[in-house]
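Working notes, beginning with the structure itself.
All of the numbers you see were taken from the coordinates with simple rules; none came from a lab. Since this is a predicted model, take the numbers as computed values, not measurements. Backbone-built Cβ (ideal geometry, glycine too); neighbour counts: all protein chains shown.
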Amino acid sequence: ITVIGVENCEDGGTNDIQFKTTIRKTSKDTVCYNGWLFLRYGVRNDMQEVWEISSLGSTGGWKSNFLTFRNKHGCLDTKRIFPQWFKLFELAKLNDTSCPIPKGNYSFDCVDLSNLQFERTNVMIYGTYRVTTTYYLNKVKIGCFIYKGIVYPRVNEDETPSTSTPSLVSGSLHSSSIG
């Protein structure tokens, strides 16, 4: 997965979680993600996340509800499904990235976003996607982000670049709806 955009949602609820980011291509194969992250409550397991994944339609519009799932334990579930997200905290000099993540302001420089992978999800079809991630604490929306990315075939290191494996991501994730 190559991330091509990150932004705050128009409605971020209380905005107790906020990103300020830039994405820049540093070479042919490297994309860097720079910015800061504000976490009024940190990242805790009593937070819930809702991930709504939309696919880019053939006419250019987003087809909503391609895939929706809910994480009931915000920190642990995110770390299990998308551990590369926690690289932000490592680059922000947080020595212990186990759950929960303490509240605070975190700045990071050059997180490589050119080859992200979901660790435990069903197979995703190659294409362009928008992931809207909304965070809740005690049923109150505290933040929302939109990630846009392109899913490419995974190339095995033992193979030539023109040959790819049949799926980008695989595993077991229980989703609440598949569209």
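Strictly over 25 Å apart at the Cα level, which of Lys25/Lys93; Lys28/Lys79; Lys25/Lys72; Lys79/Lys139; Lys25/Lys141; Lys63/Lys87 would you flag in this model? Checking Cα-Cα distances, Lys28/Lys79; Lys25/Lys72; Lys25/Lys141; Lys63/Lys87 exceed 25 Å. Between Glu10 and Ser58, the FRET efficiency estimated from the beta carbon spacing at R0 = 22 angstrom works out to 0.30. Dividing the convex hull volume of the alpha-carbon atoms in the stretch 1-62 by its residue count gives 140 Å³ per residue. Among the trypsin sites (Lys or Arg not before Pro) in the stretch 1-97, those placed in a DSSP loop whose Cβ has at most 10 other Cβ atoms within 10 Å are Lys28, Lys93. Label separation (Tyr126 vs Asp46): 4.6 nm, computed from points 7 Å beyond Cα along the C-beta direction.
Between Tyr152 and Asp109, the simple label model (points 7 Å from Cα in the Cβ direction) yields a spacing of 2.6 nm.
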